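J.: Got a structure for you, written out below as structure tokens; questions coming shortly.
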Amino acid sequence: MNLFRALLLSLTVAAATTAQESTAPAPFNSSHSVVVGDNTWHYFRARPSNEPKGTVLLLHGFPDLPYGWKYQVPLFTSLGYQVIVPHMLGYTQTSSPAEFDEFSFKKQSDELAALLDQIVPGEQVILGGHDWGGGLVWPFATYYPDLFKAIFSITYPYFPPVTEYVDLADAIRAGQYPTFKYQLQLRDPWLDRKFSTATEIRQFLLAAYEAKTPDGKAGFSNQGFDLDALPHLQQPSLLNDTELDLYVSEFLIKGVRGPLNWYRTRRINFEDELPIAQAGGHKFSMPALFVQALNDPVLIPELSEGMDQHFDNLTRAEVNTGHWAMIERPDEVNEVLESWVAAFG
């Protein structure tokens, strides 16, 4: 831990001198902004009624916001934990740098580690994520294993580092990721300009949250956004009208370029993780949980085959939902989380 402190000194000094606190919407108690390195990170905090017995850090995915954890935050506070939920890099109140390497798993792990060192110095926390947030859980815990008491990912399986780079388009042509074609569309810079007005962002979010046209056509699939269908999408979606209005207002702050930049880091992440692959890979020693959404059209169950060998203590669970498991079946997801935490907490 002394080496960890030395490596993060320059980042935590910046954070310590620029923290700001304000009120926050339910289920959170307070809202904070902290400068870490060159970026400003915004996060919400929720506290239990008594002195917290630990901390949970929750990372949201694409295109989500901290409110996506609205059903899980009360669970963890009821169990005695305080909960930290940041706006992830590129999203609304957190910085949205232009450089792709700022969005790498390694760089974000470094900055989030510094953030934790400012909020709960010296404490081991429980780390969880969904979608891209779940994707970040695994490398974050690889780079900073001593930071975490336990880790979990909802929908996003562990993909171990590899020694040879393969572009995603080539991998898809080879049949490796049959449900990832949408990522080719999302990594294309032209899409940044497609969603800029309130109307366009509303259509973007309706598609992502499973709204359909009057004749039942989806606005998003594992092939990408159906641009012809977008203007015709209508409620209901997985967000109600109030939630949708909130999401639109937040995404209008910085647009979608930052969130889409997460899809433009494949080679950067490969290069960062190459030394790990060349050293024989990594094995997680802390308790870990992977929650598979059985009806996820993108992160399908087959993608998690073989990941167990990289863990000393992996728990698997399945929920009969689509991609947005935490809001589709919150009771089932929370039951899984509570049972898992009870085993070590």
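J.: On the basis of being more than 20 Å from L147 (Cβ to Cβ), of a type outside the set (G, A, S) and within 17 Å of the chain's Cα centre (by Cα), does F105 make the cut?
T.: Answer is no for this residue.
J.: Going by the conditions given, is P236 assigned to a loop (DSSP other than H, G, I, E, B), in contact with a Gly (Cβ under 7 Å, 6 or more places away or on another chain) and either over 29 Å from N334 (Cβ atoms) or touching a residue at least 24 places away in the same chain (Cβ under 8 Å) (or both)?
T.: Details: assigned to a loop (DSSP other than H, G, I, E, B): yes; in contact with a Gly (Cβ under 7 Å, 6 or more places away or on another chain): no; either over 29 Å from N334 (Cβ atoms) or touching a residue at least 24 places away in the same chain (Cβ under 8 Å) (or both): yes.
Against the criterion (assigned to a loop (DSSP other than H, G, I, E, B), in contact with a Gly (Cβ under 7 Å, 6 or more places away or on another chain) and either over 29 Å from N334 (Cβ atoms) or touching a residue at least 24 places away in the same chain (Cβ under 8 Å) (or both)), P236 does not qualify.
J.: Then there is this: Determine whether the stretch 146-153 contains at least one residue that is touching a His at 6+ places or on another chain (Cβ under 8 Å), within 23 Å of Y209 (Cα to Cα) and in a strand (DSSP E or B). Working first, answer last.
T.: Step one: filter the stretch 146-153 for residues touching a His at 6+ places or on another chain (Cβ under 8 Å), giving 153.
From what is left, the residues that are within 23 Å of Y209 (Cα to Cα) are 153.
Of the ones still in play, those that are also in a strand (DSSP E or B) are 153.
Checked the stretch 146-153: at least one residue is touching a His at 6+ places or on another chain (Cβ under 8 Å), within 23 Å of Y209 (Cα to Cα) and in a strand (DSSP E or B).
J.: Find the strands (runs of 3 or more DSSP E) located wholly in the stretch 53-136 whose residues include 1 or more that are of a type in the set (A, V, I, L, M, F, W, C), surrounded by fewer than 23 Cβ atoms within 10 Å (Cβ to Cβ) and assigned by TED's automatic domain parsing to the domain that holds D38, and list them. Give the derivation first.
T.: Details: elements: 54-59, 81-86, 125-130.
Passing ranges, in order: 125-130.
J.: More than 28 Å from D167 (Cβ to Cβ) and outside the structural domain of Q183 (by TED's automatic domain parsing) - does that describe any residue in the stretch 247-258?
T.: no
J.: Of everything in the stretch 239-278, what is of a type in the set (V, I, T), within 27 Å of S96 (Cα to Cα), in a helix (DSSP H, G or I) and in contact (Cβ under 8 Å) with a residue 12 or more places away in the chain? Give them in sequence order. I'd like the intermediate steps shown before the answer.
T.: Within the stretch 239-278, the first condition is being of a type in the set (V, I, T), and the residues that meet it are 242, 248, 253, 256, 265, 268, 276.
Pick out the ones that are also within 27 Å of S96 (Cα to Cα) and you get 242, 248, 253, 256, 265, 268.
Next cut, in a helix (DSSP H, G or I) only: 242, 248, 253, 268.
Result: V248, I253, I268.
J.: Checking D38 against (1) surrounded by fewer than 21 Cβ atoms within 10 Å (Cβ to Cβ); (2) charged (D, E, K, R); (3) at pLDDT 95 or above, only one condition comes out false. Which one?
T.: The number of the failed condition is (3).
J.: Something else: For the structure I just gave you, tell me whether Y43 is touching a strand residue (DSSP E or B) at 6+ places or on another chain (Cβ under 8 Å), surrounded by 19 or more Cβ atoms within 10 Å (Cβ to Cβ), hydroxyl-bearing (S, T, Y) and in the same structural domain as H323 (by TED's automatic domain parsing). Steps first, answer last, please.
T.: Details: touching a strand residue (DSSP E or B) at 6+ places or on another chain (Cβ under 8 Å): yes; surrounded by 19 or more Cβ atoms within 10 Å (Cβ to Cβ): yes; hydroxyl-bearing (S, T, Y): yes; in the same structural domain as H323 (by TED's automatic domain parsing): yes.
Considered against the rule, which asks whether it is touching a strand residue (DSSP E or B) at 6+ places or on another chain (Cβ under 8 Å), surrounded by 19 or more Cβ atoms within 10 Å (Cβ to Cβ), hydroxyl-bearing (S, T, Y) and in the same structural domain as H323 (by TED's automatic domain parsing), Y43 comes out as yes.
J.: State the number of residues belonging to the stretch 186-236 that are over 17 Å from P63 (Cβ atoms) and of a type in the set (D, E, K, R).
T.: Here the count works out to 4.
J.: Return the residues of the stretch 295-340 that are among the acidic types (D, E) and either surrounded by fewer than 14 Cβ atoms within 10 Å (Cβ to Cβ) or outside any helix (DSSP H, G or I) (or both); say none if nothing qualifies. Explain how you work it out, then say what you get.
T.: Taking the stretch 295-340 first, the residues among the acidic types (D, E) are 296, 302, 305, 308, 312, 318, 328, 331-332, 335, 338.
Residues satisfying the conditions are D296, E302, E305, D308, D312, E318, D331.
The values are calculated or read from the model by the stated rules, or taken from the named source; none is laboratory data. Computed from a prediction, not measured in an experiment: that's the story for all the values here. As a convention, Cβ positions derive from the backbone with ideal geometry for all residues, glycine included, and neighbour counts pool all protein chains shown.
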